[in-house]
Amino acid sequence: MADTVAVPPRQARRKVLPEGVFAWSLVAPAMLFIGIIVAWPLVETFRLSFTDAGLGGETYVGWSNYAELFHSGKFYDIVYRTFYWMFLSVSLKLVMGLIGASLLNAAVPGKALFRVLVMPPWVIPIDFGVIGWKWLYNGYFGFLSGILQRLGIIADPIALLAQKTSAFYAAIVTDVWVGTPMVTLFLLAAMQGVSRDLYEAAWVDGAGRWYRFRRITIPQIMPVIVSMALLSAIWTFNSFEIIWILTEGGPRGATTTLIIDTYKVAISSQRFGEGAARAVVIVGLLTAFSLLYLYFLNKVNKHYGAK
Amino acid sequence: MATLDLNNISKSFGNTRVLHDIDLAIRDKEFVVFVGPSGCGKSTLLRIIAGLEEASAGKIVIGGTDVSNAHPVDRGISMVFQSYALYPHLTVFENIAFPLRVQKLADADLRTRVGRAAEILQLTDKLDLKPGQLSGGQRQRVAIGRSIVRNPKVFLFDEPLSNLDAALRGDMRVELSQLHRSLDATMVYVTHDQVEAMTMADRIVVLNKGRIEQFGTPMELYHHPATKFVAGFIGQPNMNLLPATVKSVTSSGITAVLPGDAVVTLPVEPGTVRQGDQIEVGIRPEDLVAAKGLRATVQVMERLGGVSITYGVLPGGTRICAALPGDTPVREGDTIDLGVPVDAAHAFDQSGAVLRRRNAPQIAG
């Protein structure tokens, strides 16, 4: 029946661009835009990674930048440190965010005020906040060192950013401080989207607060937790300004993550080719990580009944 | 199974009083429906019984135990929500088992109880599915299953059918009535749909503005509405309420002048009504017959087959509705005569209270 219906003559007569041309002309501006600001720099980075580009011009060197990278023990230290930095920081952000969102979601008077009060770390320019932390960590006039001395925990001033271990964890604390509010607010929004009826039904059935949190809240917001974990992981992996302002990757490389290393090589030392090779490695690692992650996200969504 | 008594239940939200001194005695194994327009307080009353809201004053007694201050789970009730409140991430089995998991029931026992509930509700082959894969009616049954496994003393239903389409609602009404019979349980059911109330209830509570207008069996409410509100609310299509002037009060009843100067003598107890008073005469559309009496101009005919619902106006502009036989040869614009059967008519005084009828029919059921 359907295939005997002819094209209405009126439509056939109308003069139009061929469908393909019309479609491409609609997409073209966006493609041009993406091409210029995303694709070209990416391709250019990829090209540079096979050269010894610096201030004095460039020559093709093949895989030697990569070979050098993969044969240096220092590079593996940096990759390991970057993932450790990422997992620790993201885990803390998620845990703190979950706790914060639960508290903000509780029916307490003045909760609107608290919701506003969690935002400053995220809202103020990142450099101001981090400079503030730098002062807190300072060995001469730092607040933290002062407190510890007053309490009698340490005898002499301590410069938290001057020692390898303490510098790394101090940077983590600051990174978590900056990153937690956004996680908190996203999780809060997800929690508020959970139907009240579910809690009431569970309450009528005798489920306590913790039981409801574990068996309703967590599963219901799991897709958001997982998405936030991915976004937060990528941002944390590439988090640059916090470390740079606090320590510039030091002391003795203790806070040098892949992105810091790339910057130091490519910009500070002006070895663009070697820097580009590092950037390509970052793209590769993050892509692999994201694919793994999306696969996982898909499973989670299926399991928790998201449509 | 148990009785449910409400003594002087009041509820205010801020300065707004939504329930006024509700007194109600629900018998063991009774199916009671709370019905009323939106905002009448019926859902609030149900939530107070469930323990989801606290009454501002009054006492709730279930099976002889005062549960006014008890936690919902200790009241021996279970509730089915309008939205079903199923856990989307859990299977049907786990949804039904939820209250038992909370109680930390042994696994074998849990399986038997969920299995039995699933059998009653014909969900046995759906136990591994997620709620998202079920139809509206099946979800409804899962929600009921979750309340069955707890063996509550009283089942509470909050507009459980309002999310279903009309056909399914009809089926579920029958299923719920059967369920009530097979479980032999006390059930309290909230709805705004008078058809649900009439078809399922043993007794109906009609609520209006936070007060009980009347509590009685469906046919009591139909034949003996205590107030104008109940008269207008129960029955489909709605009862006609015609303004009338009392011409005389005699031993045989009240003689009143209806719109269009039709004079009827209604066999009712006059109460405080005097000659010259304004009253309202209530006549159900299905009681009107083609005979001399009221003259109406037909505006709209709804031919349903067996009956033709005829909407018209009386002289003076009062609207009237009559359920005439299906093949009545009447068209829009025609003028028809509608006879008033005086024994079936109701009269309401100015406060809206009914004047007792002398020749009311025997109540069935």
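Taken together, the values in this text are just the output of simple stated rules run on the coordinates, not laboratory data. Since we're looking at a predicted model, the values are computed, not measured. For neighbour counting, all protein chains shown are included, and Cβ atoms are generated from backbone atoms with ideal geometry for every residue, glycine included.
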Note to self: How shielded is B:43-54 by partner chains, expressed as the average number of their Cβ atoms within 10 Å of its Cβ atoms?
What the structure shows: 1
Note to self: Between segment B:39-86 and segment B:174-202, how far is it from one alpha carbon centroid to the other, in angstrom?
What the structure shows: 18 Å
Next item on the list: Select from B:Ser182, A:Leu230, A:Gly54 the residue farthest towards the positive end of the dipole of the protein assembly as shown; place +1 on Cβ of Lys and Arg, -1 on Cβ of Asp and Glu, and compute about the Cα centre.
Entry: A:Gly54
Checklist line | DSSP H segments from chain A that extend 30 Å or more along their own axis, Cα-based, with Kyte-Doolittle mean of 1.0 or above | finding: A:164-192
Next item on the list: Enumerate the aspartates and glutamates that B:Lys59 could reach by cross-link, defined here as Cα to Cα under 14 Å, with residues fewer than 8 away along the same chain left out.
Entry: B:Asp5, B:Asp21, B:Asp23
Notebook entry, point to check: For chain A, what class follows from the C-alpha gyration tensor (a ≥ b ≥ c being the square roots of its eigenvalues): rounded when a/c is under 1.5, otherwise prolate if a/b is larger than b/c, else oblate?
Noted result: oblate
Item checked: 222 nm mean residue ellipticity, helices alone, for the protein assembly as shown (DSSP H n ≥ 4; -39,500 (n - 2.57); rounded to 500) -> -13500 deg cm²/dmol
Check: Using the 10 angstrom Cβ neighbour count as an exposure proxy, how do A:Phe143, B:Phe34 rank, fewest first?
Finding: A:Phe143, B:Phe34
Notebook entry, point to check: Most fluctuating residue of B:Ala262, B:Ala296, B:Ala117 in a GNM of chain B with Cα springs under 10 Å: which is it?
Noted result: B:Ala262
Notebook entry, point to check: On a 0 to 90 degree scale, rounded to 10, what angle separates helix B:107-120 from the longest Cα axis of chain B?
Noted result: 30 degrees
Notebook entry, point to check: Can you tell which of A:Val61, A:Val281, A:Val178 shows the greatest fluctuation in a Gaussian network model of chain A with Cα springs below 10 Å?
Noted result: A:Val61
Notebook entry, point to check: Hey, in the GNM for chain A with a 10 angstrom Cα cutoff, which one of A:Phe296, A:Phe50, A:Phe75 fluctuates hardest?
Noted result: A:Phe296
Check: Can you work out ³J(HN,Hα) from phi for every residue in segment B:50-58, in order, using Karplus 6.51 cos²θ - 1.76 cosθ + 1.60 and θ = phi - 60°, giving whole Hz and x for Gly and Pro?
Finding: 6, x, 7, 10, 9, 6, 6, 7, x
Next item on the list: Mind listing the long-range amide H neighbours of B:Met79? Cut-off is under 5 Å, sequence gap 5 or more, other chains count too, H placed in the peptide plane at 1.01 Å from N.
Entry: B:Leu156
Item checked: Charge dipole magnitude, Cβ of K and R +1, D and E -1 - segment B:4-232, Cα centre, debye nearest 20 -> 260 debye
Notebook entry, point to check: Tell me, what ³J(HN,Hα) does each residue in segment B:85-92 have, in order and in whole Hz, if you take phi through Karplus 6.51 cos²θ - 1.76 cosθ + 1.60 with θ = phi - 60° and put x for Gly and Pro?
Noted result: 6, 7, 7, x, 8, 10, 5, 4
Notebook entry, point to check: Using a simple charge model, +1 on the beta-carbon of Lys and Arg, -1 on the beta-carbon of Asp and Glu, nothing else, what dipole does the protein assembly as shown show about its Cα centre, in debye to the nearest 20?
Noted result: 740 debye
Check: Too long at a 32 Å Cα-Cα cut-off: which of B:Lys11/B:Lys153; A:Lys134/A:Lys299; A:Lys74/A:Lys299?
Finding: A:Lys134/A:Lys299; A:Lys74/A:Lys299
Margin query: Compute the distance from the alpha-carbon center of segment A:245-307 to that of segment B:211-225, in whole Å.
Written below: 73 Å
